[in-house]
Amino acid sequence: MFRVLLLALNLLVNPVSHGFADTFADPSLIRGQDGYWYAYATSDPLRSGSSSPHHIPIARSSDLTHWSYVGDAFSSGTYWAPDVRYFDGHYVMYYAAVPDSGAYEIDVATAPAPAGPWTAQPSPVVAPRPGAGGGYLSTIDPAELTAADGSRYLYFGSYYGGISVVPLSADGLRSSGTPTMVALDNKYEGAYVVGHDGYYYLFASSANCCAGPATGYAVSAGRSRSPLGPFTDAHGVSLTASRVGGTPVITQNGNRWIGTGHNAVVTDLSGQDYLVYHAIDRNQPYLDAPYGINRRPMLLDRLDWIDGWPVVRAGAGASDTPQPAPVTTGADTVQRSVNGTVLRPRPAGDVRVEVDLRVPAGSSLGLVVGSARVSIDRAAGQLVAVSGPHRAVAALPAGLDFGDWHNLAVSARGGILTASLTEARLGGPLATVTLPVPSSGPVGYAGRGEVAHFSAERLYRPVTRAIPQPAVGRPVWSDEFSTSHGLSTGAPHDLQKSARIDNGGGPQGRGTDQLGAGQLGAGQLGASQLGAGWSWVRPDDAVTVSGGSLNWPVQNGDLSGPANTASVLLRTAPRGDYTVETRLTLDLGVDDVRNYQQAGLIAYVSDDDFARLDQVAIWNTRQIEFGREIPYAGGLAYGGVTVGTPATTTWLRLVHRIDPVTGEHRFRSESSTDGRTWTLGGVWTFPAGEVPKIGLDAHGGATPAVTAHFDYVRVYQA
């Protein structure tokens, strides 16, 4: 009842698919020519307790927050990750399929309406692709883009084979060129591309989509001036580099939502962008039985553009409390012919006006905003904006079908007008113009042709500042791995005394006595070389302290799974909130396969209950992985968040906070390649009753030999 009340108050409450589905994975959205929004998802049962899968289920909404199921695209078959577009007077659906050969391919279907009926085309748009090492490349997760020149492209791919883009035929039903890799294999999947401010932004998801309570799926982005790439992140690192780039868009933030990934982008009538994606409720990760179908409902959250980069809720991530709903109720859905001018009062303040239109031969048709008029001039093949003495013109793509529906949107903010023409409001603009415009006067449409879905709304107010990064605080303890057994020469004396870190006091949670016989003692590393307080889980005699660093040859062992052969060097964490930091030099090289050599920081309760923040070699890539293993339903769940880019020397942080309501431990990962600019990664939680220790690890394979050098370990508190 409370949820119904919130929705009635026009608030956005996640998951937005709650009303018709328990799971609705890999969602994509489009606003149909009937004025409704439509969502499409991977083939799964929609409800817990149902064993019958839906074959690309379709949902409909008038406001992006209330959704209802309207049917399936097909009557049989297993398909996933559909992407739906509108052009050439019909709807086109791209989707991943596995034919009888067992190889992945991208199929395509068309329909006269968003809910169908859908007619599959006889040939795949991207056929199965044999891999060099055997089997077939992961030809899945399609997403179409119509570029500014009218060319069509299809992005597709996953971990085995990477993300590629291929040119499409003019009708979008066939590939017409050679694929170009735009994101390296073994890092990204789930591509989605939008045009924004002269760039094409490639959104892509990383890590495991479906690890139940340990799912760490997240979305990152790169951008390029060309649909073919190269796509680089905010630091200029390519998404095809071995040390893979990517600027975070959304990752789990410590609330109930984990595995926040596989996105699309939609814009409301005020011009505000939203990210639509799926996530997993960590308290209810499976649809039914543990280790079965992952329960991945559809979520929607505000997408901000800050310093030229997309980020969800200014960096706050997925919402689990009521949020302002998208603006969707102001559109006139009536389709009508027009020959003249129709005006309406203008909303107060900055304004956004949009309309769907079709322009007959020899005509022009467009929008009126105060003294400005923005029109499609069919005879000239131009988008033309005029306001008093000011005039701006942009050429429209050659071969544009003016008799097809297109969307024209005009925003007026601070005396500047910006107009964009798109196909069904998705992808990138086909043409954009700007010019000065007065801030008064009516709005409407004018010319000759057909219009539908006219709306005039107050323009959204952009969020231009990210939320503050977690405060590090002051240093309270440090081990510089020098003969001072703690602080380096020149450190303040009061920090040396603070090496007696509070051991937590009070009742101890489970896991604090599971170190076994590995405590440091006389003759073992630490008695003469480390500061007080370190302890081992399975001592490693190869570890040394020299040259101002702890030097740890990467072990041929691991912690994930039941074997638990790797060593861990630990110490008790301070009480309350804190940050632990290290500077790690680990030369894993580039491009070659070193599965899964890694080293970094760890929050540890037991061998089967930990979170490790490591630089790691994953096949040909080098990544920052914040991995989590937890006991679950009689087994072990392991997954990771892969956000951030490593270097030979990488700074790592675990930022620990106590949830003031639940008492849970929240550990947020951070990484840096210079020690000054930090990339915030995902959050893993530990129950309130546990007392995680903090420490170091270096394991995952001894070939080729490589040593992890930890320059220091420092603890900060506010």
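The values are calculated or read from the model by the stated rules, or taken from the named source; none is laboratory data. Note that the structure is a prediction, hence the values are computed from the model and not measured. As a convention, Cβ positions derive from the backbone with ideal geometry for all residues, glycine included, and neighbour counts pool all protein chains shown. To get the accessible areas, we keep the full protein, side chains included, count just its heavy atoms, and leave off ligands, DNA and RNA. Shrake-Rupley method; radii C 1.70, N 1.55, O 1.52, S 1.80 Å.
Would you rank Lys187, Lys693 by solvent-accessible area, highest first, keeping every protein chain in place and using a 1.4 Å probe?
Working: Lys187 5, Lys693 30 Å².
Result of the area sort, largest leading: Lys693, Lys187.
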Packing-based ranking, highest mean first, of 199-209, 387-397 given that Cβ atoms within 10 Å are counted: 199-209, 387-397
Rule-of-thumb check for the chain: C-alpha Rg over 2.2 N^0.38 Å? 1.02
What is the calculated FRET efficiency for His235 to Asp171, with r their C-beta to C-beta distance and R₀ = 35 Å, to the nearest 0.05? 0.35
Per the C-alpha gyration tensor (a ≥ b ≥ c, the square roots of its eigenvalues), segment 75-230 is rounded if a/c is under 1.5, else prolate if a/b beats b/c, else oblate; here it's rounded
Hey, could you get me the Stokes-Einstein D for segment 578-671, Kirkwood radius over alpha-carbon pairs, 20 °C and 1.002 mPa s, rounded to whole µm² s⁻¹? 152
How much accessible surface area, in Å² rounded to 10, belongs to the heavy atoms of Glu450 with a 1.4 Å probe? 50
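Order the following by accessible area, largest value first: Thr649, Thr464, Thr642. Probe radius 1.4 Å; ligands, DNA and RNA are ignored.
Thr464, Thr649, Thr642
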Once normalised by the length of segment 247-347, the mean sequence separation of its alpha carbon contacts under 8 Å that are 6 or more apart gives a contact order in percent of 26
Assuming 0.36 nm per residue, please report the length gained on full extension of the stretch Ala563 to Ala289 beyond their Cα-Cα distance. 96.1 nm
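Quantify, in whole percent, the carbon and sulfur part of the accessible surface of the chain (1.4 Å probe; protein heavy atoms only).
52
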State to the nearest 20 debye the size of the charge dipole of segment 355-458 about its Cα centre, where the only charges are +1 on K and R beta carbons and -1 on D and E beta carbons. 300
Using a probe radius of 1.4 Å on heavy atoms only, what accessible surface per residue do you get for segment 606-718? Whole Å² is fine. 30
Hey, with R₀ at 22 Å, roughly what FRET efficiency would Arg336 and Ala361 work out to, going by the Cβ-Cβ distance, to 0.05? 0.70
Rough spin-label spacing in nm, given labels placed 7 Å along Cα→Cβ, for Ser75 and Ala127: 2.9
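Using a 10 Å cut-off on Cβ atoms, rank the peptides 662-668, 352-358, 11-17 from the highest mean neighbour count down.
Details: 662-668: 18.6, 352-358: 24.1, 11-17: 22.6.
The peptides rank, most packed first, as 352-358, 11-17, 662-668.
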Pulled fully out, how much extra length does the chain show between Thr321 and Arg448, if you take 0.36 nm times their separation in residues and subtract their Cα-Cα distance? 41.1 nm
State the extension gain, in nm to one decimal, for the chain segment bounded by Ala718 and Arg47, taking 0.36 nm per residue of separation less the distance between their alpha-carbons. 237.0 nm
Got a sec to turn the phi values of segment 386-399 into Karplus ³J(HN,Hα) couplings, 6.51 cos²θ - 1.76 cosθ + 1.60 with θ = phi - 60°, whole Hz, x for Gly and Pro? 9, 8, x, x, 8, 9, 9, 9, 9, 5, 8, x, 4, x
Which value does Rg/Rh take for segment 618-711 over its C-alpha atoms, Rh per Kirkwood? 0.99
Relative contact order (percent, whole number), segment 564-718, Cα cutoff 8 Å, 6+ residue spacing: 34
Arrange the peptides 630-636, 442-448 so that the one whose residues have, on average, the most other Cβ atoms within 10 Å appears first. 442-448, 630-636
Give me the tail of P(r) for segment 93-176 as a percent: Cα-Cα pairs with distance above 19 Å. 38
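What FRET efficiency comes out for the pair Thr677/Cys210, r = Cβ-Cβ distance, R0 = 30 Å, nearest 0.05?
According to the calculation, E is roughly 0.40.
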Solvent-accessible area per residue for segment 41-132 (1.4 angstrom probe, square angstrom): 39
Percentage relative contact order, segment 3-78, counting C-alpha pairs under 8 Å, at least six apart: 26
